[in-house]
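Notes for the one structure printed next.
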Amino acid sequence: MMAGAKTTTFEFIVKQGEPTLVPPAEETNKGLYFLSNLDQNVAVIVQTIYCFKSDSRGNEDAVEVVKNSLSKLLVHYYPLAGKLIISVEGKLIVDCTGEGAVFVEAEANCTIEEIGDIAKPDPKTLGKLVYEIPGAQNLLQMPLLVVQVTKFKCGGFIIGMSMNHCMLDGIGAMDFMNSWGEIARGLPLKVPPALDRTILKARKPPKIEFPHHEFSQIEDISNTSKLYEEEMRYNSFLFDLEKIEKLKKIALEDKKLNKCTAFGVLSAFVWRARCQALNMKPDQQTKLLFPVDGRSRFVPPLPEGYAGNGIVLTSALCTAGDLLKNPLSYVVGLVQEAVLMVTDNYMRSAIDYLEITRARPSLAATLPITTWTRLPFNTINFGWGEPIYAGPVALPQKEVILFQSHGKDREIINVLLGFPASAMKRFEELVQI
């Protein structure tokens, strides 16, 4: 470069059009729509992106295809065309107005490749791909569903979606996305949504049969709360099959366990490394919090295509000292016990607990982990083939760690997390295996 020449830095710019409403293509049911206690418990906005590369078709008709198929899809998922209100009992409920989802067309000043690593949560950059309602400050002011289609100079496009988790869990959202793609390709729905959520109503009278540690407040006697006031750094760590098998071998070598899953051993490994990185005191209680899919565990099982939240939170609880002084098999055992706890009785007890207490999970001294490894992102097809990437814009909360499949073979797990800057380097060292 010649002396005195100016260097130019690339700025990712997305020009958003005016938002419009996309109503259902046909008349749909109106009135109030019941949400279960499991829905109430996860009322947070989740932003995701779905990236489709250019083919011979280009992206000229991408907006029209996505928009028209969304209108038809909302006939089946009509509650998402309504709005969230508070019932007389103080619960979230949907007013099925049929107004529609918010839709925005946008254009980027670059190719998809020029954005950089979209597999790493980056609200500042990836947030430009999802439309946010100006001035919205609470859930009642935010639409249940917002869709932005951004066209890129390479001929590819990205669908940025913002949805309230109270409407669909991960499995339900994947059914929704796959159904959307089927309609876009002129196909019938393989899995029509089952919209009746009254099957998850609280019992009369409610019965609380288990200690629900996921809601218990733990006193944070360590420095973790102060640390999380620092600037957050986001990072991702790949665990391929070889690394996961190595961890399983370590967990099974003392023969305290008969078997362990990838989720069990990776959760235990990350939980322990986090406690070390945060320098938690030995007598500090720490909690691992994670969702379990209850669809097949309910008696009877929830129907195929259940369009709501079928997940139940469970937790493992111990001191940081016990986590660190015991072998990996001990920590994996805690995770396994938390999973085995999730029976039909446990889940119905949790529903009743929420009916009585209206509690939200406590995140004090807690590591929440959520896993998307079994979600079929790679099957979504709007007519441009499978997405080259699908995942979150940002982590739902700063403490959350997300497990996500990486690559087409889906055997590599990408661990995404945010950490206080001062603790990230130590964590990076601890997870090297």
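The values are calculated or read from the model by the stated rules, or taken from the named source; none is laboratory data. Quick caveat, the model's predicted, so the values are computed rather than measured. Neighbour counts are summed over all protein chains in view; Cβ atoms, including those assigned to glycine, are modelled from backbone coordinates with ideal geometry. Accessible surface areas use protein heavy atoms only, side chains included; no ligands, DNA or RNA. Shrake-Rupley method; radii C 1.70, N 1.55, O 1.52, S 1.80 Å.
Miscellaneous remarks
- Distance from the range 18-44 to the range 313-345 (C-alpha centre basis), Å: 36 Å
- Compared with the alpha-carbon gap, the fully stretched path from Lys120 to Ala136 is longer by 3.2 nm at 0.36 nm per residue.
- Quarter of Cα convex hull surface for the range 188-325, i.e. mean projection, nm²: 13.3 nm²
- The string of couplings for the range 154-160 from the Karplus curve (6.51, -1.76, 1.60, θ = phi - 60°) is 7, x, x, 8, 10, 8, x Hz, one whole number per residue in order, with x for Gly and Pro.
- Mean ellipticity per residue at 222 nm, deg cm²/dmol - from DSSP H runs of n ≥ 4 across the chain, formula -39500 (n - 2.57): -7500 deg cm²/dmol
- Violating pairs (Cα-Cα greater than 21 angstrom) within the set Lys226/Lys398; Lys120/Lys249; Lys30/Lys72; Lys120/Lys259; Lys91/Lys128; Lys120/Lys190: Lys120/Lys249; Lys120/Lys259; Lys91/Lys128; Lys120/Lys190
- Options Leu195, Met232, Ser362, ranked by Cα towards positive dipole end of the chain, top entry (Cβ charges): Ser362
- Sequentially through the range 124-136, phi angles give Karplus couplings (6.51, -1.76, 1.60; θ = phi - 60°) of 5, 8, 5, x, 6, 8, 10, 6, 10, 5, x, x, 5 Hz, Gly and Pro residues having no value and appearing as x.
- 1.4 Å probe accessible area per residue over the chain, in Å²: 46 Å²
- The value of relative contact order for the range 180-331, using C-alpha pairs under 8 Å at least six residues apart, is 32 percent.
- Dividing the C-alpha radius of gyration of the range 238-303 by 2.2 N^0.38 Å, with N its residue count, gives 1.44.
- Our estimate of slack between Lys201 and Lys83, defined as 0.36 nm per intervening residue step minus the Cα-Cα distance, is 40.4 nm.
- Taking a point 7 Å from the Cα of Asp240 along the Cα-to-Cβ direction, none of the residues of the range 369-389 has its backbone N closer than 16 Å to it.
- Dipole magnitude for the range 196-352: about 340 debye, using +1 per Lys or Arg Cβ and -1 per Asp or Glu Cβ, origin at the Cα centre.
- Local charge for Ser362 was computed over the other residues whose Cβ lies under 11 Å away, with Lys and Arg +1 and Asp and Glu -1, and equals -1.
- Carbon/sulfur fraction of accessible area - the chain, other protein chains in place, 1.4 Å, %: 52 percent
- Estimated from the Cβ-Cβ distance and a Förster radius of 30 angstrom, the FRET efficiency linking Lys190 and Leu21 is about 0.60.
- In a reduced charge model with +1 at each Lys and Arg Cβ and -1 at each Asp and Glu Cβ, the chain shows a dipole moment near 740 debye about its Cα centre.
- Remark on Gly98: its backbone amide H falls under 5 Å from those of Gly82, a criterion applied only to residues 5 or more positions apart or on other chains, H modelled at 1.01 Å from N.
- Pair Asp293, Val339: separation of 7 Å Cα→Cβ label points (nm): 1.3 nm
- Taking the range 1-102 and dividing mean pair separation by its residue count, relative contact order in percent (alpha carbons under 8 Å, at least six apart): 43 percent
- Computed over the chain, relative contact order equals 22 percent, with contacts defined as Cα pairs under 8 Å that lie 6+ residues apart.
- Listed residues Leu80, Val104, Ala394: farthest to the positive end of the dipole of the chain (Cβ charges): Ala394
- Rounded to the nearest 20 debye, the dipole size of the range 22-141 about its Cα centre is 340 debye, using +1 on the Cβ of Lys and Arg and -1 on the Cβ of Asp and Glu.
- Remark: C-alpha extents of the range 46-179 on the principal axes read 52, 31, 27 Å, sorted largest to smallest.
- Three semi-axes describe the equivalent ellipsoid of the chain; taken as square roots of 5 times the Cα gyration tensor eigenvalues and ordered largest first, they are 35, 30, 20 Å.
- Kirkwood Rh (inverse of mean 1/r, distinct Cα pairs), the range 1-95, angstrom: 17.9 Å
- Where N is the number of residues in the range 356-430, Cα Rg divided by 2.2 N^0.38 Å: 1.40
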